[in-house]
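**Student:** Dropping a structure here in structure tokens format, bear with me for questions.
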Amino acid sequence: MQIENIQFKQEGAIMYITIDREKQLNALNKKTILELNHVLCLCESDDDIRVLIITGAGSKAFVAGADIKEFANFSKREGTELSRFGHELLFDKIATYTKPVIAAINGYALGGGLELALATQIRIASDNAKMGQPEVSLGVIPGYGGTQRLTQLVGKGKAMELILTGEMISAKEALALGMVNYVVPQEDLLIKAIEMANKIIKNSPRAVRKSIQAINATYGNIGLLKEIELFGSCFGSEEFKEGVSAFLEKRKPNF
Ligand code: DAK
């Protein structure tokens, strides 16, 4: 596979993955999802790799969401299919992965970008990071697990507030809510992620894997299936067209 949108390198037992579409604030398009899946599959079968660290290129964004330009013209069917495709190839894959994935959130983590971070096992943010689920401003709902995984982390009340207002919060606020495990100055972000990875690497890989499985066993996938259905039903509506057009035209939507 021709890899264009991510960089990855192994150092010792750690695989570093950088989403690299800096001009688009590392927005996730379909090709990037496929490339990330490719690397996840490679790492899964390599016993030397024990922890993955995922971050965004540059100092401004982790991932500013799914690529709005790509899904702007999607029909209901395409929206539902792509939601399922994203879940299987990336978001659920990470959430149920056999090795810990640490998100080093180096800037904006919005929409699908926050959902990517929420799917990982541990989140560390730099102090400039901003997080949010702005989907309702585009006429859709979070479609990559956000309605479920955000709620699991911060509780129903705060998840409702964040998803219904679509507002961004600071790294410090995210820490207070339990959305991220640590907040550090941007220059220390990878240092902190590596420190965490090394603590995990000292332990039994088998026990680490089984711990992830046991913790995940609490959460079923009924909610995720409902999310895919409701997400798909937003596509093609007048409100979706207005929300996405407003973003592309750099104006506020008028719902
Ligand atoms: N998609 C595509 N391009 C994006 C982008 C995105 N999510 N975010 C930013 N960009 C692009 C901008 O269009 C701009 O491109 P040019 O105009 O230079 O060509 C460039 O990145 C720099 O962005 P800005 O000029 O806007 O930079 P600012 O510093 O002024 O603002 C910002 C930064 C992060 C506040 C702003 O860019 C922003 O609000 N971005 C959008 C955030 C957002 O709404 N994200 C999407 C959430 S919805 C799906 C499943 C799930 C989803 C979708 C589909 N399917 C299964 C189909 C999930 C949806 C979402 O993630």
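**Student:** What are the residues in the stretch 232-255 that are modelled with pLDDT of 90 or more and within 16 Å of Gly111 (Cβ to Cβ), if any?
**Tutor:** Listed by number, the residues that qualify are Cys234, Phe240, Gly243, Val244, Ala246, Phe247, Leu248, Pro253.
**Student:** Would you be able to say whether some residue in the stretch 58-66 is on the phi < 0 side of the Ramachandran plot and surrounded by fewer than 22 Cβ atoms within 10 Å (Cβ to Cβ)? Please lay out each step first, then the result.
**Tutor:** Taking the stretch 58-66 as the starting set, the residues that turn out to be on the phi < 0 side of the Ramachandran plot are 59-64, 66.
Retained after the next criterion (residues that are surrounded by fewer than 22 Cβ atoms within 10 Å (Cβ to Cβ)): 59-60.
Looking through the stretch 58-66, at least one residue is on the phi < 0 side of the Ramachandran plot and surrounded by fewer than 22 Cβ atoms within 10 Å (Cβ to Cβ).
**Student:** Condition check: open to solvent by less than 70 Å² (accessible area, probe 1.4 Å) and closer than 16 Å to Leu114 by Cα. Does Leu90 satisfy that?
**Tutor:** Values: open to solvent by less than 70 Å² (accessible area, probe 1.4 Å): yes; closer than 16 Å to Leu114 by Cα: yes.
So Leu90 passes the test.
**Student:** Hey, among the residues in the stretch 200-229 that are open to solvent by 80 Å² or more (accessible area, probe 1.4 Å) and farther than 23 Å from Pro100 by Cβ, which one's nearest to the ligand (Cβ to nearest atom)?
**Tutor:** Here the answer is Glu229.
**Student:** Quick one: which of Met160, Met131 is within 12 Å of the ligand (Cβ to nearest atom) and either of a type outside the set (S, T, N, Q) or part of a strand (DSSP E or B) (or both)?
**Tutor:** Met131
**Student:** Something else: Failed condition for Gly143, given (1) open to solvent by 10 Å² or more (accessible area, probe 1.4 Å); (2) within 12 Å of the chain's Cα centre (by Cα), with all others met?
**Tutor:** (1)
**Student:** Tally time: how many residues in the stretch 85-110 are at pLDDT below 95 and over 19 Å from Ile212 (Cβ atoms)?
**Tutor:** Qualifying residue count for the region: 2.
**Student:** Another question, then. Taking Leu82, is it open to solvent by 10 Å² or more (accessible area, probe 1.4 Å), modelled with pLDDT under 95 and within 11 Å of the ligand (Cβ to nearest atom)? Write out each step before concluding.
**Tutor:** On the way: open to solvent by 10 Å² or more (accessible area, probe 1.4 Å): yes; modelled with pLDDT under 95: yes; within 11 Å of the ligand (Cβ to nearest atom): yes.
So Leu82 fits the description; yes.
**Student:** Among Gly223, Gly236, which is in contact (Cβ under 8 Å) with a residue 12 or more places away in the chain and either part of a helix (DSSP H, G or I) or among the charged types (D, E, K, R) (or both)?
**Tutor:** Gly223 is the lone residue from the list that is in contact (Cβ under 8 Å) with a residue 12 or more places away in the chain and either part of a helix (DSSP H, G or I) or among the charged types (D, E, K, R) (or both).
Conditions (1) at pLDDT 95 or above; (2) touching a helix residue (DSSP H, G or I) at 6+ places or on another chain (Cβ under 8 Å); (3) not in a loop (DSSP other than H, G, I, E, B), marked per residue:
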site	(1), (2), (3)
Ala174	yes, no, yes
Met179	yes, yes, no
Val183	yes, yes, yes
Ile194	yes, no, yes
Asn203	yes, no, no
Val208	yes, yes, yes
Gln213	yes, no, yes
Glu229	no, yes, yes
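**Student:** Right, here's the next one. Of all residues in the stretch 31-52 being in a helix (DSSP H, G or I) and either among the aliphatic types (A, V, I, L, M) or within 14 Å of the chain's Cα centre (by Cα) (or both), which is farthest from Gly143 (Cα to Cα)?
**Tutor:** Applying the first criterion (in a helix (DSSP H, G or I)) to the stretch 31-52 yields 31-44.
If we keep only those that are either among the aliphatic types (A, V, I, L, M) or within 14 Å of the chain's Cα centre (by Cα) (or both) as well, we get 32-34, 36-37, 39-40, 42.
Details: Thr32: 17, Ile33: 14, Leu34: 17, Leu36: 18, Asn37: 18, Val39: 23, Leu40: 21, Leu42: 26 Å.
Step by step, filter the stretch 31-52, then rank; the result is Leu42.
**Student:** Please find, within the stretch 134-153, the residue that is farthest from Asn198 (Cα to Cα) out of those that are part of a loop (DSSP other than H, G, I, E, B) and of a type in the set (A, V, I, L, M).
**Tutor:** Step by step, filter the stretch 134-153, then rank; the result is Val140.
**Student:** Moving to a separate point now. Regarding the stretch 19-32, can at least one residue be identified that is polar (S, T, N, Q) and either open to solvent by 70 Å² or more (accessible area, probe 1.4 Å) or more than 19 Å from Ala119 (Cα to Cα) (or both)?
**Tutor:** The answer is yes; a qualifying residue exists.
The values are calculated or read from the model by the stated rules, or taken from the named source; none is laboratory data. None of the values given here were measured: they were computed from a predicted structure. Here Cβ is always computed from backbone atoms with ideal geometry, including for glycine, and neighbour counts include all displayed protein chains. Please note that ligands, DNA and RNA were not included when accessible areas were found on the heavy atoms of the full protein model with its side chains. Shrake-Rupley method; radii C 1.70, N 1.55, O 1.52, S 1.80 Å.
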